[in-house]
1. Evaluate Rg over Rh across region A:2-139, taking Cα atoms for both radii and Kirkwood's formula for Rh.
2. Calculate the mean, over all residues of peptide A:293-306, of how many other protein chain Cβ atoms lie within 10 angstrom of the residue's Cβ.
3. I'm a student and want to see the number: the projected area of the Cα convex hull of region B:129-204, averaged over all directions, in nm².
4. Would you look at the GNM of chain A, springs on alpha carbons closer than 10 Å, and say which of A:L147, A:L304, A:L33 moves the most?
5. Using only the Cα atoms of region A:52-106, build the gyration tensor, take square roots of its eigenvalues as a ≥ b ≥ c, and label the shape rounded, prolate or oblate: rounded if a/c is under 1.5, else prolate if a/b is larger than b/c, else oblate.
6. Residues in region A:118-148 near a label at A:S77, defined as backbone nitrogen under 16 Å from the 7 Å Cα→Cβ point?
7. At a threshold of 8 angstrom on Cα-Cα distance, excluding pairs fewer than six apart, so keeping six or more, what relative contact order does region B:66-193 reach in percent?
8. Quick one: order A:R154, A:R106 by neighbouring beta-carbon count within 10 Å, fewest to most.
Amino acid sequence: MLRRPFFWIIALVIAAFAGLPAIGNDVELRESLVLACVYITLASNLNLMLGYAGYINFGSIVFFGLGGYICVWLIYSHDWPLVWSLLAAGAGVSGLALVFGLGILRLRGAFFALSTIGIVEGVQAFAENFTPWGGSSGIYISPQVFLPLGGSARALWVIYFALVATMGASLYLSYFVKTSKFGLGLLAIGQNEDAAAILGVPTPRYKALAYSASAFLPAIAGGLYFFKSAFIQPSDAFDLTLSTEAIVICMLGGQGTVTGVALGAFLYEQLRGYLLTSSTFANFQLTIAGVLLLLIVLFFPAGLMGFIYSRVPAAKKVLE
Amino acid sequence: MGRRICCRPRPLNLMLGILASIIDGVLVGLVYGLAAMGLTLIWGVMDVINLTHGTMVVAGMMGLYLLVNALGISPYLTLPPVLIGGFFVGVALYWIAIHRMVGRPPLMSLLSTFSVNLILIGIGTAVWGTALFNVEVSLPGFSLGRYTFPGAHILAAVLAAVIAAALYFFLHYTRIGKALRAVANNREAAELVGIPTTRLLAIAVGTGVALAGVAGVLIGTLFPFTILSGDGYQLKGFIVTVLGGFGNPVGALLGGIALGVLEGAVTPFVPVSWTLVIEFALFVLVLIAFPNGIFASRRGAL
């Protein structure tokens with residue numbers, strides 16, 4: 001594994017994310033990279049389902065929001081330290097995904113996609129009605145919680161590095177899964193599920209495992225993100241726009257590729273930043289995301305990496 | 001949506017209350033069935049799940065609101081223009097988003113209609129925001145003891161049944177309808193016997209979207225709405241389709257009634273935000289137990 005150049009490319013990306021804002025103590029750059037980290041984490045994990053196994057998950061935001069809720073709640077009412085809260089959030093959400101996955105992944109293709117919308121509704125209804133989570137007004141945590149991390153200024157850096165680590169872990173997870181036997185099984189499911197099952201791929205188990213694995217890191221990213229803003233409420237935590245954007249990013253970069261999805265996330269984040277600040281397009285962010293997605297689906301289903309592979313075939317050997 | 005028309009029963013006249021609650025469930029359910037009809041038609045004919053469906057229902061509502069306010073006509077006179085306009089919008093939708101996706105993995109048509117929906121919702125919210133719109137309709141209601149059912153709601157339920165019957169006759173007794181069923185059953189065989197499948201698929205999407213618009217007009221006469229109101233009807237549409245069978249208009253009405261009565265039965269006991277979750281649990285359970293829908297005989301039979 002260590003001999004593969006792609007392993008070191010990922011390491012380089014992580015080092016750049018961690019190092020560039022830290023060198024100049026550049027807070028503005030750091031804040032824009034926070035969002036890029038979240039996008040890359042969400043999209044890379046969604047890619048395990050969408051790109052590898054060929055299953056659309058419209059509700060990937062649930063992992064992020066639920067992780068955020070569990071983490072903030074454990075810190076707020078049980079005074080857990082951040083690290084344990086994050087791990088509990090990741091493990092809890094991943095476990096729930098495994099249980100639900102074993103149920104709804106018996107549904108194939110489009111039916112699964114529709115049930116993921118149901119999961120979003122269910123989790124949102126739970127968060128709104130579960131009294132310890134503050135209902136629709138959410139949970140505020142006091143800035144006191146930043147003290148163990150050395151005050152709020154330093155805490156923001158710590159959270160940022162943790163987010164970069166989560167992003168890096170997501171990229172390595174995508175990479176290792178893709179080069180493993182498990183990943184080969186998932187890709188086979190994506191090509192033809194019946195044929196995969198006949199050839200001995202344990203399809204229900206693999207799909208549920210992929211669904212559960214794709215929940216862990218987004219949950220941790222959610223925990224970090226909402227710990228950082230010290231506030232969580234259902235409309236932010238389960239904002240369906242983020243789910244949508246994760247799908248756009250996967251398709252933009254090239255579903256099923258590790259590099260493409262990361263690149264797509266980074267490009268989309270830049271585009272979004274531009275659109276939000278432009279006076280003409282500020283109200284049309286969704287519309288532009290929609291046009292982009294439609295054009296990709298219609299004309300470039302292989303995405304950015306498909307274009308790069310066709311122009312530079314040698315890239316196939318290096319980039320996954 | 002989800003708003004109950006009559007009040008809850010008291011123990012004294014429980015029987016009357018239960019009866020009223022069932023009538024209420026049936027009335028709401030017929031509207032759900034009508035809202036699902038366009039979705040289930042497209043789904044049944046070409047195995048494409050039209051994720052713009054909810055937005056098309058809202059387009060019907062907006063058509064109603066704009067026409068009534070601009071021309072001052074009766075709300076029910078907006079049905080013909082919305083029907084015709086919806087048909088052409090649907091044909092356009094077919095050529096833009098669906099034509100290249102037919103026969104490809106369902107993932108691709110889901111994504112293409114999803115992206116068209118994003119575009120429409122984006123434009124809609126930029127123009128109208130999320131303001132609440134309301135169209136006043138005053139028709140004499142029907143009373144049962146202390147319970148009153150609004151006239152507009154009864155008329156909408158009756159029209160829903162009439163439209164379902166019309167769609168059934170269209171599919172079973174007209175040339176185009178029979179050809180559509182042939183295409184649904186086996187596209188290649190239909191092509192071989194000389195049926196112009198592409199044109200028929202465009203007609204199917206046009207009809208589906210026209211039905212969504214008509215449902216929007218009728219629902220718009222009952223409840224206030226926003227640009228985003230379509231989501232709920234679309235989600236219920238999935239459940240209705242699965243309950244009633246793919247592309248089956250009568251099944252859609254029965255599925256809608258089942259959903260409406262179920263909602264009436266659970267509303268007193270759980271918060272409103274849980275109803276959709278219960279319905280989705282039902283969706284998953286039904287799909288696992290009856291992969292072709294409860295009221296369906298077999299897939300592709302339409």
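Read-outs: derived from the displayed coordinates by stated rules, not from any lab. Because the structure is predicted, anything quoted here is derived from the model rather than measured. FYI the Cβ positions are ideal-geometry reconstructions off the backbone, even for glycines, and counts take in every protein chain you see.
1. When Rh is taken as the Kirkwood radius, the ratio is 1.03.
2. Numbers: counts 7, 10, 1, 3, 14, 9, 1, 0, 6, 0, 0, 0, 0, 0.
Other-chain Cβ atoms within 10 Å of each residue's Cβ, averaged: 4.
3. Convex hull of Cα atoms, orientation-averaged projection: 9.3 nm².
4. Most flexible of the set in this elastic network: A:L147.
5. prolate
6. Flagged as within label range: A:126-142.
7. Working: 46 pairs, mean separation 10.8, N = 128.
Relative contact order, region B:66-193: 8 percent.
8. Placing the least packed residue first, the sequence is A:R154, A:R106.
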